[in-house]
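The structure appears right after this line, and notes come after that.
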Amino acid sequence: MSMTTAKTDEVVEEQAAPSTPSDQRERDRMRRRLARRRGGGWWPYAFLAPWFIGLFGLTIYPMLDSLYLSFTNFDLLTPAQWVGMDNYNKMFTEDPVFWDSVHATLLYVVVSVPLKLALALGVAMLLNRDLKGIGLYRAAFYLPSLLGGAVAIAIVWRQVFGGDGLFNDFLAWFGIKGQDWISSPDTALYTLILLAVWQFGTPMVIFLAGLKQLPKDVYEAAAIDGASPVTRFFKITLPLLTPIVFFNVVLQIIDAFKTFTPAFVISNGSGGPLNSTMLYSLYLYKKGFTDLQMGYASALAWVLFLVIAGFTAVNFIASRYWVHYDD
């Protein structure tokens, strides 16, 4: 008891004793050192520096610069001249090719995305089985997604649907006379849609991962109750997969709006015939790098950005009514 009292008195005396300037500086250094340990110091910022440089130098600054250029007349050769809203007024009121590109792009998105997702889900369900060599089949079905965006595949696609292409040879076996599908304004865009649907591998893999997570006991209970495969699909599989469907819908819509390479290669960069394959990204490219109207192309790019953002926002709002999560 006496020892405890003595120690307490020593502590009280130390606390009551006036501190010297050197003691105060030492305590300040200790506080700063402790704060650096808690906050991690400057090391986290050093590791994040490359990411920040890329974010501001390669993303934010170019976006802000293109936003400024969208209000100017800029041809890459002379200084930009401020024109205000002229580019946007011209786009919506004086440019018929702009509306041709909007029509072609919307038709491309509305038709290709549902067909691609339906085919991807169907193939994913077929591949969701424990069969010998199933991994080889999965790799084979995913292969078109790796090759479909290449220039070489677009060139092959143009040859397949040309006047003397393989597709017409296939139709000739059944006595059907084909045509030059690429050169017809009524069918040229649908060859691009078919190429997009053929590249169903990426959503297929995502659907397959979702199918692997579905509880098997629910299917067993439904089978015992006499539910048919069609009923199990619409009552169990599809509702449980709605988060995966929503994820694929958002990604594929964004990707479809940005489609460029197939339209450029198949139409030889013209968007023909009669602007039937003039997708929005192709028209943006032509205005910026062929006609050297970089200010107008920047305005087109920002309209595309706002349209994609709008479609994405609508999808998120609508998902409240059809996407079912665990809660």
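The values are calculated or read from the model by the stated rules, or taken from the named source; none is laboratory data. Quick caveat: nothing in here was measured; it's all calculated off a predicted structure. Every residue, glycine as well, gets a Cβ built from its backbone with ideal geometry; the counts of neighbours run over all protein chains shown. Side chains included, ligands, DNA and RNA excluded: accessible areas come from the protein's heavy atoms. Shrake-Rupley method; radii C 1.70, N 1.55, O 1.52, S 1.80 Å.
See the values below:
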{"quantity": "Computed [θ] at 222 nm, helices only, for the chain once each DSSP H run of length n ≥ 4 contributes -39500 (n - 2.57)", "calculated": "-22000 deg cm²/dmol"}
{"quantity": "Sequence-distant residues sharing a close amide H with T72 (under 5 Å, placed H)", "calculated": "V83"}
{"quantity": "Solvent-accessible area, 1.4 Å probe, carbon plus sulfur percent, for the chain", "calculated": "66 percent"}
{"quantity": "Volume per residue that the Cα convex hull of the chain spans, once the total is divided by residue count, Å³", "calculated": "324 Å³"}
{"quantity": "Efficiency of FRET between Q81 and A139 - r from beta-carbon atoms, R0 51 angstrom, step 0.05", "calculated": "0.40"}
{"quantity": "Probe 1.4 Å, protein heavy atoms only - accessible area per residue of the chain in square angstrom", "calculated": "63 Å²"}
{"quantity": "Overall Cα dimensions of segment 179-327 - principal axes, largest extent first, Å", "calculated": "65, 39, 21"}
{"quantity": "Contact order normalised by residue count of segment 103-262, Cα under 8 Å, 6+ apart, percent", "calculated": "37 percent"}
{"quantity": "On Cα atoms only, tilt of 43-55 relative to the major axis of the chain in degrees", "calculated": "30 degrees"}
{"quantity": "³J(HN,Hα) computed for each position of segment 83-88 - Karplus, 6.51 cos²θ - 1.76 cosθ + 1.60, integer Hz, glycine/proline x", "calculated": "10, x, 8, 4, 4, 6"}
{"quantity": "Alpha-carbon centroids, segment 210-262 and segment 293-307: separation in whole Å", "calculated": "36 Å"}
{"quantity": "Value of Rg/Rh across segment 85-198 [Cα atoms, Kirkwood radius]", "calculated": "1.10"}
{"quantity": "Acute angle (nearest 10 degrees) that the helix 201-212 long axis makes with the longest principal axis of the chain, alpha-carbon atoms", "calculated": "60 degrees"}
{"quantity": "In degrees, nearest ten, helix 294-322 long axis to first principal axis of the chain (Cα)", "calculated": "80 degrees"}
